[in-house]
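The values are calculated or read from the model by the stated rules, or taken from the named source; none is laboratory data. The shown structure was predicted, so the numbers you read here are calculated from the model rather than taken from an experiment. Glycine also receives a Cβ, built like all others from the backbone with ideal geometry; neighbour counts cover every protein chain displayed.
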Amino acid sequence: MQPSQNNMNMDGSRRFYNQPVQDLESYCLPTTGGLDNQLLAVGDSHGAEFFAQTNSQYHDVMSYGYPGHSYTADSFLSDTSGILQQDSQLYLADVHHHSPDETYHSAASKSSLSDENDLKHKLRELESAMFGHGSDALEAYGSNMGTPDQMSSEAEKLEEMMGITSRGSLKESLVACAKAIEDNDIPRAEWWMSELRTMVSVCGEPIQRLGAYMLEGMVARLASSGSSIYKALRCKEPTSNELFSYMYLLYEVCPYFKFGYLSANGAIVDAMKDEDRVHIIDFQISQGTQWITLIHALAARPGGPPQICITGIDDSTSAHARGGGLEIVGKRLSTLAESCKVPFEFRPVAASCADVKIEHLNVRPGEALAVNFPLVLHHMPDEDVGTQNHRERLVRMVRSLFPKVVTLVEQESDTNKVPFFPRFLETLNYYLAVFESIDVALPRDHKERINVEQHCLAREVVNILACEGVERVERHEVLEKWRSRFSMAGFKPYPLSSSVNATIKTLLENYCKDYTLEERDQALYLGWMNRALVASCAWQ
């Protein structure tokens, strides 16, 4: 990506914010989302080491580094559980060679909110736009503003805007801009966007960095409509090696993805402890590294390992991040299973989850079935999007197979059916917690942090705010809603083993103390400062 060269919208109108990262036409992030596909697109210590030994391309990805500080998969350290990596060096190449000055102007150098004269000037401009003399000014603002009640309401709004601006609160300003969009008050929304462009920065505090992407989403929402919004957010995606390196770094510095691995695998191992033939259907296999530790665990089972079959479902997006088709995953896992003396079969299904039919799954008599839904169901459209509710269709299809266990990991957020403004507030609070957790792990001048946030998180934010209908693919639901869907399909909760909880607590000891773990209603919630971010549960 290249820094923006101008401030023009796609339609030729002037942009209302300063986004030097890229123009609206070029600004986008890979379809492989941050808290979604990264869980399955990167590996644990066993996975990284094994992949490095069996695939030279993977080894190349893992050997990025700054001069004098390179690292390879061979340098990974294992923790006491034998599953997780700790203290890995986090030096990754600056692939795009972005510097802070090449991406966004810093808020410190651009913001003039502390300048009293500038503030007064801005407010006079705003007042002139809203209450300017002459019919042209009134017509530009709206023809229905002439009654005393309406004028009084506008005066109150202006007073509120003056108060927010004088306080210099970025969070309040973001909310005010979103409210103006919700009210279809375009002049006020445009004015707030011009203010926000001086306040956001991808090199600043968490709220400034998130604010940059939220502003991008709001501008995209105003600049386009309907199905054209998401299609307008196009750019050259990073190469598979670049994308992998960004996802791997995020995997290392935050425990969200390891939490998903441990909780799901723990439930499957517990459910399959007495089975001789195990069939796992993974609805988002990506790199396949989730199953490396499970193969190790089943190989060490008293009485010998079972026969294992894994059906891996995948699409072109994950293939891009992986650097090839599903045959790569099958070869890696088959080689690992052979080294562990585990009878193994891999069955690829190269299709989007929404296109999967029961005949693709090839379940055979005598197999104990486990199904894995790893941060994938929220991408499935429901009845509000189209004629077919793929969420419920998939859940009911899986129920008809009578699995021993189904594992579900999802973001604990509610952005599916809510209108724009409450969806904006939910997105702000949720992703602010995520950005804060990254902030304690990566220095703000870390060369790859910007790329990690852009390519692993920001596309989700832009999609949630800018898009509607089928173009909005980020449609999260809280666990209570998933619980209702699974219960209606005939599932019952599968209790998680106490050993899983203990293992995750051990994991969190290696991270910031502000991460929280809560067990509630037979589910586990991983959070940041008591804000639940990821939920994990199992069903039978």
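Restricting attention to the range 298-324 and to residues that are of a type in the set (G, A, S) and either touching a strand residue (DSSP E or B) at 6+ places or on another chain (Cβ under 7 Å) or surrounded by 19 or more Cβ atoms within 10 Å (Cβ to Cβ) (or both), the residue that is farthest from D270 (Cα to Cα) turns out to be A321.
Looking at the range 211-242, which of its residues are assigned to a helix (DSSP H, G or I) and at pLDDT below 85? S228, I229, Y230, K231, A232, S240, N241 - these are the residues of the range 211-242 that are assigned to a helix (DSSP H, G or I) and at pLDDT below 85.
For the range 260-286, the tally of residues that are touching a Gly at 6+ places or on another chain (Cβ under 6 Å) and under 21 Å from G325 (Cα atoms) stands at 2. Within the range 494-518, the only residue that satisfies the criterion of being farther than 25 Å from V440 by Cα and at pLDDT 95 or above is Y494. Applying the criterion of at least 2 residues that are polar (S, T, N, Q) and touching a residue at least 40 places away in the same chain (Cβ under 8 Å) to the helices (runs of 4 or more DSSP H) found wholly in the range 258-350 leaves 290-299, 316-322. Being surrounded by fewer than 23 Cβ atoms within 10 Å (Cβ to Cβ), of a type in the set (D, E, K, R) and assigned to a helix (DSSP H, G or I) is the requirement here; does R459 meet it? When the stated conditions are applied, R459 does not pass them. Consider the range 326-356 and keep the residues that are among the hydrophobic types (A, V, I, L, M, F, W, C) and over 30 Å from the mean Cα position of the chain (by Cα). The one that is surrounded by the fewest Cβ atoms within 10 Å (Cβ to Cβ) is C340. What about R449, is it at pLDDT 90 or above and in contact with a His (Cβ under 6 Å, 6 or more places away or on another chain)? So R449 fails the test.
Taking the range 184-210 as the range and being under 30 Å from N451 (Cβ atoms) and of a type in the set (A, V, I, L, M, F, W, C) as the test, the residues that pass are A189, W192, M193, L196, M199, V200, V202, C203, I207, L210.
The selection criterion, being closer than 24 Å to W291 by Cα, out of contact with any helix residue (DSSP H, G or I) (no Cβ under 9 Å at 6 or more places or on another chain) and not in a helix (DSSP H, G or I), does not hold for F373. If you filter the range 329-364 down to residues that are touching a Cys at 6+ places or on another chain (Cβ under 8 Å) and of a type in the set (A, V, I, L, M, F, W, C), you find that the one that is farthest from Q388 (Cα to Cα) is F344.
Going by the structure shown, is Y525 over 19 Å from F257 (Cβ atoms) and not β-branched (V, I, T)? So Y525 fails the test.
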